[in-house]
Amino acid sequence: MSEFTLRLRRFDPESGEPPYWDEHTIELEPHRSVLEGILQARGRFDGSIGIRCSCRAAICGSCGVRINGQPGLACHTHLDEALARSKDNLITVEPMGNMPVIKDLIVDMDTVHWKKVQSVTPWLLGREPVPEREYLVDREAMVDVTQSMACIQCGACVSDCLAMEVDPEFTGPAALAKAYRFVGDPRDAEHEERLRSLAEDPHGMYTCTHCFKCVDACPKDVNPMGQIMRLRRIAGSDHHIEDRNNGYRHEHAFVENIRRNGLLHEADLLPDSYGGKFHPRAVPELIASMPVAIRGMLRGKITLRKALLHPHKASKELRAIFDKVESKPKRYELNLYVSGTDADNDPAPVAPELANAEGSA
Amino acid sequence: MPEHDVLIIGAGLAGQRAALAAAREGVSVAIMSKVHPVRSHSVAAAGGINAAMSVDDDWRSHAYDTVKGSDYLGDQDAIEIMCREAPGEVMHLEHIGVTFHRNERGELDLRPFGGASIARTAYVADITGQAMLHVLYEQLMKHSSTVERFEEWFTTSLLRNDDGHCTGVVARDIRSGAMEMFTAKSVIIATGGCGQAYLPTTNGLIVTGDGMALAYRAGAPLMDMEMVQYHPTCLVDQGFLITEGARGEGAHLLNSEGERFMAKAAPNKMELASRDVVSRAEQTEIDEGRGVGPGGKGIYLDITVVPRKRTLEALREIVNIGRDFAGVDITREPIIIRPGQHYFMGGVKTDVDGRTPIPGLYAAGEVACVSVHGGNRLGANSLLDTLIFGRRAGEHAAARANDTAMPKASDASLRDDAAMIEAIIARPRDGRRISEIKEELGETMNRYCAVFRDEAGLSQALEVVVRLKEEATKAAIDDRGTVFNQDVLGAIELGYMLDTAEAVVVAALERKESRGAQFRTDYPERNDAEWLKHIDINLDAETERPTVSYSPVTITQWQPEERKY
């Protein structure tokens, strides 16, 4: 048994008082969870400590909180780990962010999280006709969507989503991971419609800024940001959906620019992203970027020589890379959900060098 | 005052399935839960759902396995219905979006499970319950215009009119503290079991026997209450569940001598014998000094014999549980487990349509006892039970509502319950703490009413439970507020647990034989001549004490025979 001091952020909505800090010293084995610590404090000292909780094993998703500033499940954080991250020898527990606090560690998930989930049409729109038995689908596709199915709706990713802090209307990581669960599901009939509406929504999937906060926060390795990136890739590559942020055209311009020039030719990139120098869409953008271009010239970062006489040729090696990637029959999605191989258990695994040599021969 | 044709209490798998089935019949439906529906404990069901779907399987084989698993205490008419309707129900779930694991041909993959004569368990990795619960909740979101949701509402009593019909419930909005009366033509309770009466348990903190106690207090009988399942593989410290799917995938159980001791108790099925058999074998090893780990209180579960990739793909959740809660990489080393309280086979007595003896009151899922599980439930039959009988209860409750006028309810119960809560909040603070009473209850049940039982221990347990009931009426609480006053709900839940636990102990004392999960060391044999019958526990309205009666077991085509695995 070891002693730990919990510092809980308390708030009583009926008192008219602002939130305050409340400290309790509890006694538990260091590998027990912060939730067990809180429950001991509640059981022994103060029954009025408010926290939602049930399973204690990271499956019901009730006990999302912030521990020493890091969002996660209280039941999924060991006391000793929490203490190791602490600067003041206290384990500080606060309610999650981006959602209004109801009482103590309990936040209002309905008006934020669940409202956003509801906005992505979170049910299967099954392909017709519905088969008599099961839909026959790829084994891998089901394992793949099971990663987003593993989301327990705890809200930890919502709590610290930076994009949502800036734009509270942002659909957010959990709801977009839920959206992927249908877009990645071969039984769903409306992939394109779903992606179109996520792309057209000014607070939709292009609002994510790639900050990785949700990836860190998720206790179930759902990788919400990864699911958002996959939504974007599928929207662009499979459905040619052009988003309002011009990301789709920018990506294509970028790829074509490299294919043509070998090295990125920045002066071409901007106009190309808007359809080329003479495209009506590009003109106002080019005019708007003039001050930046002039500043760049004044500082010697852009010269007329570089801008106009950039060599337009890609090396043979680079073209070989393009050929190789584009000759693949299927887009290779990085699914980190299942790792390891069947060979892992074999007593004498084949050395990876040999396996590779064989593969490339 | 809200009025609905069908009101469902509890939003786990049985409750949500009932709500969707009732709504399909075109009646007005409300579903109420003390937690957000996806927090319901169905979420923790791991291994899968049984259905005779493969070409070389037959529902009769599933039914026979279930009857044998129940140690012949299951009602065979109900078991036949469940097993016959299983494939259709699983296909329905597949069609609405459950991401069942596939085989190489793209069909549902099936894994072997305990007590089953063939691989017939469909699964989603080892998060089957979670996947199913979340998909049903997707459907509730889809049908939000026909199914009204009351999330985070706590039920304090069932209403009955002068004819004895159930006419609704009284409930408290946890968030605002407001008390409200809900009138309904049919009420379905689907609140789950009462695992929290045990310490440790695999069950969540919310599993406190609410529906069992509410129905029992309203006059409904509880049946098969002595049949409490101990799951063979729970973490030694916290009691968390390690899915039976691990053994389904081929994992071994080893004692301190490295011996696969199941060879003694179940030479044919080995680790995949039914749960009561495996738990008893483990407990015997531990009691006879062949346990492992600190104090020799555990058994090794060796999952390293399963290919690593398969473990990572199909047993992902227990890889996490091993890593996060036991510090063990289960793909590389054995993990220490022991039997732990997991499931109540017993519950509110119902017929195959979910009807309880109280008109207008239905029950489905773990809270109910149809009885399809009898003395011992097979793994992966509980999810099936929730869906089949949840759906049937929903359909029949809707049909009843179509033939019934909206009841007029008096608000006397509303006033009583509001006063009851006020009284708890106003209690002097000199009583014992709720957490203390709950802990003593849990330890007592786990000591005397567990894998092995006897007269002396059970009598001791009954004495303790009766004393705790008295102490609970004076237990002190700290929270005087109305918003999210979880303290006062804890005091009410404690009462629910104690009523339920008392019924368990009384029934276990009554059954003087060993059958299924009930093993009496003082009556070690099964005795069909005297005890092939259900024990019903009723609350005597006068004395407020449990009374015992019996009801027959329905046998259709499988006569009791010796049970060997």
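The values are calculated or read from the model by the stated rules, or taken from the named source; none is laboratory data. This one's a predicted model, so the numbers in the text were calculated from it and none came from an experiment. Backbone-built Cβ (ideal geometry, glycine too); neighbour counts: all protein chains shown.
Residues in the range B:482-524 that are over 20 Å from the mean Cα position of the chain (by Cα), assigned to a helix (DSSP H, G or I), within 14 Å of chain A (Cβ to nearest Cβ) and of a type in the set (A, V, I, L, M, F, W, C): B:Val488, B:Leu489, B:Ala491. Of the candidates A:Ser48, A:Ser62, A:Ser15, A:Ser54, the single residue that is within 22 Å of B:Asn203 (Cβ to Cβ), outside the structural domain of A:Pro168 (by TED's automatic domain parsing), among the hydroxyl-bearing types (Ser, Thr, Tyr) and over 25 Å from the mean Cα position of the chain (by Cα) is A:Ser54.
Number of residues in the range A:49-71 that are among the small types (Gly, Ala, Ser), in contact (Cβ under 8 Å) with a residue 40 or more places away in the chain and farther than 22 Å from B:Ala46 by Cβ: the value is 1. Taking the range A:82-174 as the region of interest, the helices (runs of 4 or more DSSP H) fully inside it that hold 1 or more residues being more than 13 Å from chain B (Cβ to nearest Cβ) are A:156-159, A:162-166.
Among the numbered conditions (1) more than 30 Å from B:Pro87 (Cα to Cα); (2) away from chain B (no Cβ under 12 Å); (3) of a type outside the set (A, V, I, L, M, F, W, C), the only one that A:Glu190 does not meet is (1).
A quick yes/no check of all residues on (1) at pLDDT 95 or above; (2) closer than 19 Å to B:Phe240 by Cβ; (3) facing another protein chain (nearest Cβ under 8 Å):
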site: A:His24; (1), (2), (3): yes, no, no
site: A:Gly37; (1), (2), (3): yes, yes, no
site: A:Ser54; (1), (2), (3): yes, yes, yes
site: A:Ser62; (1), (2), (3): yes, yes, yes
site: A:Gly72; (1), (2), (3): yes, yes, no
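Considering only residues of the range B:35-74 that are closer than 20 Å to B:His373 by Cα, of a type in the set (S, T, N, Q) and touching a helix residue (DSSP H, G or I) at 6+ places or on another chain (Cβ under 8 Å), which is farthest from the other protein chains (Cβ to nearest Cβ)? Looking at the filtered set, the residue picked out is B:Ser70.
Considered as a group, the residues in the range B:404-425 that are out of contact with any Lys or Arg (no Cβ under 9 Å at 6 or more places or on another chain) and not in a helix (DSSP H, G or I) include one that is farthest from B:Met179 (Cα to Cα), and that residue is B:Lys408. Just one of (1) surrounded by fewer than 21 Cβ atoms within 10 Å (Cβ to Cβ); (2) at the interface with chain A (Cβ under 9 Å from one of its Cβ atoms) fails for B:Phe100. It is (1). Number of residues in the range B:432-471 that are within 14 Å of another protein chain (Cβ to nearest Cβ), assigned to a helix (DSSP H, G or I), farther than 24 Å from B:Met345 by Cβ and not polar (S, T, N, Q) equals 5. Listed by first and then second residue, the pairs linking a residue in the range B:217-237 that is within 14 Å of chain A (Cβ to nearest Cβ) to a residue that is aromatic (Phe, Trp, Tyr) and assigned to a strand (DSSP E or B), with Cβ atoms under 8 Å apart and 6 or more places separating them unless they lie on different chains, are B:His231/B:Tyr343. Within the range A:196-224, no residue that is without any contact (Cβ under 8 Å) to a residue 24 or more places away in the chain sits with its Cβ atom under 8 Å from a residue that is in a loop (DSSP other than H, G, I, E, B) and of a type in the set (D, E, K, R) at 6+ positions apart or across chains.
Can you report the number of residues in the range A:293-330 which are part of a helix (DSSP H, G or I) and of a type in the set (S, T, N, Q)?
Going through the range A:293-330 one residue at a time, the tally reaches 1.
Restricting the range B:297-312 to residues that are buried (at least 19 other Cβ atoms within 10 Å of the Cβ), at the interface with chain A (Cβ under 9 Å from one of its Cβ atoms) and in contact (Cβ under 8 Å) with a residue 24 or more places away in the chain, the residue that is nearest to B:Thr284 (Cα to Cα) is B:Val306. Checking each residue in the range B:114-131 for being more than 10 Å from chain A (Cβ to nearest Cβ) and in a helix (DSSP H, G or I) picks out only B:Thr128.
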